[in-house]
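Quick notes on the structure that follows.
The values are calculated or read from the model by the stated rules, or taken from the named source; none is laboratory data. Remember, predicted model here, so these are calculated numbers, not experimental data. A quick note on method: Cβ atoms are made from the backbone with ideal geometry, for glycine too, and the neighbour counts reach across all protein chains shown. Ligands, DNA and RNA are excluded from the accessible area calculation, which covers all protein heavy atoms including side chains. Shrake-Rupley method; radii C 1.70, N 1.55, O 1.52, S 1.80 Å.
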Amino acid sequence: MNPVNPFASKQKEDPRQAAFAAFIADDASVQELRQFVSNLGIPKAHVARGGVDAAIEHLSRAEKAPERLVVDVSGVAFPLAALSKLAEACDPSVQVYVLGDQNDVALYRTLLQAGVQDYLVKPLTADALRHWLSAADDGSVRRLRSGKVIAVAGTRGGVGATSIAAHLARFLTEGKGLRRVAYIDLDIHGGAGSTLLGMAANQALPEVLDNIDRIDSAFLDRTLTSKDGRLFALAANHSYGDMLSDANGRIGALLDILSRHFHYVVADLHDPGSVMADEAFSQADIACLVTDRSVHSARALSRLIQHVESRPRAPALYVVANAIRPATRGRVDAKEFAAAVSHPIALDIPYDNRWPALAEDLGEPLASASDLAKAIAKLGRILSGEAQPQPAGGFNVVSWFRRSA
Ligand SMILES: Nc1ncnc2c1ncn2[C@@H]1O[C@H](COP(=O)(O)OP(=O)(O)O)[C@@H](O)[C@H]1O
Ligand SMILES: [Mg+2]
């Protein structure tokens, strides 16, 4: 062991725990920023040479997401494309500041709308940095980036709302970057969603509602259940007859908070007529209404659409038709059904005779050969804006993060 050297500079901080991380394109600016950081006494700072790719690489290895991230997009031909890649990899709670070399007001405006805190044409000055830090500290941040809230409800029990919500949540964590997704089951008597995801129904929902004023990343990581650090579940396991006390009025706030920590929050509303569901519809960016093609569901769906569309902040609405039984002759066809409810069907999911029940019982993902799995993948791409809904055109899904209200 080396003898302790009293003159050695204090131990270097671990960059994986940085609260402030910056990736700057040229050496001179890196040196300059390091100097500012040290002059301003910014704790847990990591300043390195690089750009968006280095930032993504850093995030993938970070033990804790930084609070603030500065990325330099100088020389990048398509800064918006690069930054949406970053958004996929970056916890929505991270405040992102962008440096660049294009003095372009349109770019500045677009970046702010996309959830970036500020855009500054280089060079970064000590004053600007101080302003960024204090703006964040006094809570006067112009806008917080937030993930999308997707509310899923069925026209009646058994149409596949839970299956679609849970498999969708799982799908949204797959592949791309390091997306984090929360699945929240509003069937407070131990709904099927957790089982379907291979987790036991926890009591995270009442716990986060009781502590709504002090929710932070650490609290969420402790309280929510996750098997892979990407998909997190919140549920309640109340006895029949027991209610979730005082949940009303707080579900909206909860979804808002969760959307700052997860790229997607999928809420399985269970009972679309409940007060909790009502709040969820008002808070959601997207409502996904699941229906079978029965006469009863056509009626229920029409009323439900009307209800959702008259919420104070109505979400974008997608109707998903799901066949939970094999097709029978004389069944209303998709076109007739859409005409009857006066709303396009974004996706028609076929009957899948094998995989849904198996996946549910085993708590495992659907086999890739499963028709339901293929349909969920399509739905995920539609909702994230990568694919068009079934009847082409008409929809324009916001690119990465919803604009703040
Ligand atoms: N496309 C489908 N094909 C076959 N079975 C399905 C399909 N979608 C859902 N199911 C099955 O239907 C049943 C009810 O689904 P569930 O998601 O619990 O409905 P809900 O939440 O609307 O009450 C489950 O057993 C599920 O596996
Ligand atoms: Mg259900």
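Structure remark: mean-square fluctuation, Gaussian network model of the chain, C-alpha springs under 10 Å; the largest value among A373, A45, A106 belongs to A106. Our estimate of slack between D246 and L40, defined as 0.36 nm per intervening residue step minus the Cα-Cα distance, is 69.7 nm.
Highest average first, the peptides 219-225, 258-264, 70-76 ordered by how many other beta carbon atoms sit within 10 Å of their residues are 258-264, 70-76, 219-225.
With a ≥ b ≥ c taken as the square roots of the eigenvalues of the C-alpha gyration tensor of segment 15-137, please select rounded if a/c is under 1.5 and otherwise prolate if a/b is larger than b/c or oblate if it is not? Rounded shape, in that the Cα axes give a/c under 1.5. Karplus-derived 3J(HN,Hα) values for segment 336-351, using 6.51 cos²θ - 1.76 cosθ + 1.60 with θ = phi - 60°, are 4, 5, 4, 5, 5, 9, 6, 8, x, 8, 5, 7, 10, 9, x, 5 Hz; glycine and proline are entered as x. For the chain, lysine pairs with C-alpha atoms less than 21 angstrom apart, excluding pairs fewer than eight positions apart on the same chain, total 16. S217 contributes an accessible area of around 40 Å² to the protein surface, as traced by a 1.4 Å probe with all chains present.
Treating only the Cβ atoms of Lys and Arg (+1) and Asp and Glu (-1) as charged, compute the dipole magnitude of the chain about its Cα centre; round to the nearest 20 debye.
Numbers: 43 positive and 46 negative charges, 126 e Å.
Dipole of the chain, to the nearest 20 debye: 600 debye.
When the charge dipole of the chain is built from unit charges on Cβ atoms (+1 for Lys and Arg, -1 for Asp and Glu) and taken about the Cα centre, the candidate among T291, P206, L172 whose Cα reaches farthest toward its positive end is T291.
Over the chain, what is the relative contact order in whole percent, taking alpha-carbon pairs under 8 Å and six or more residues apart? Relative contact order, the chain: 16 percent.
For H307 and R49 in the same chain, what is the full-extension length gain: residue separation times 0.36 nm, less their Cα-Cα distance, in nm? Before the final figure, lay out the partial values.
Numbers: separation 258, 0.36 × 258 = 92.88 nm, distance 5.20 nm.
Length difference between fully extended and current span is 87.7 nm.
Ordering 187-194, 341-348 by mean Cβ neighbour count within 10 Å, with the highest value first, yields 187-194, 341-348. Give me the base-10 log of I(q)/I(0) for segment 148-383 at each q in 0.07, 0.08, 0.10, 0.13 Å⁻¹, Debye formula, one uniform scatterer per Cα, rounded to two decimals. After summing over all Cα pairs, the log10 values are -0.21, -0.27, -0.43, -0.73. Can you find, among I345, A277, S38, the residue sitting farthest towards the positive end of the charge dipole of the chain, where Lys and Arg contribute +1 and Asp and Glu -1 at Cβ? The one lying farthest along the dipole's positive direction is I345.
Roll a 1.4 Å probe over the protein chains and send me the accessible area per residue for the chain in Å².
Values: 19240 Å² over 405 residues.
The answer is 48 Å² per residue.
Expressed as an acute angle from 0 to 90° and rounded to the nearest 10, what is the orientation of the C-alpha long axis of helix 161-173 relative to the principal long axis of the chain? The angle comes out near 30 degrees. Can you give me the long-range amide H partners of L231? Hydrogens built in the peptide plane at 1.01 Å from N, cutoff under 5 Å, separation of 5 or more residues or another chain. Distant-sequence amide H within range of L231: V181.
Hey, with R₀ at 22 Å, roughly what FRET efficiency would D27 and Q102 work out to, going by the Cβ-Cβ distance, to 0.05? Let's see the in-between values first.
Numbers: r = 21 Å, r/R0 = 0.95.
Here the calculated transfer efficiency is 0.60.
Classify the chain as rounded, prolate or oblate, taking a ≥ b ≥ c as the square roots of the eigenvalues of its Cα gyration tensor: rounded when a/c is under 1.5, otherwise prolate if a/b is larger than b/c and oblate if not. Each step should come with its number before you reach the end.
Details: a/c = 2.20, a/b = 1.81, b/c = 1.22.
Taking the square roots of the gyration eigenvalues as a ≥ b ≥ c, the chain is prolate.
Residues within the reach of a label modelled at Q17 (point 7 angstrom out along Cα to beta-carbon, backbone nitrogen below 19 Å), restricted to segment 94-132: there are none. Please report, as a whole percent, how much of the solvent-accessible surface of the chain comes from carbon and sulfur atoms (probe radius 1.4 Å). Heavy-atom surface of the chain belonging to carbon and sulfur, 1.4 Å probe: 50 percent.
Of H58, H307, which has the most accessible area with a 1.4 Å probe, and how do the rest follow in descending order?
On the way: H58 15, H307 55 Å².
These residues rank, largest area first, as H307, H58.
Candidates I150, G191, I251 compared by Cα position along the dipole of segment 148-383: farthest toward the positive end lies I150, with charges placed on Cβ.
Sticking with the crude label model, points 7 Å out along Cα→Cβ, report the distance from K335 to R156 in nm, one decimal please. For the pair K335/R156, the computed spacing is 2.7 nm.
How much FRET efficiency would the formula 1/(1 + (r/R0)^6) give for E88 and S239, where r is the Cβ-Cβ distance and R0 is 35 Å, rounded to 0.05? Can you show the working numbers first?
Working: r = 40 Å, r/R0 = 1.16.
Approximately 0.30, to the nearest 0.05.
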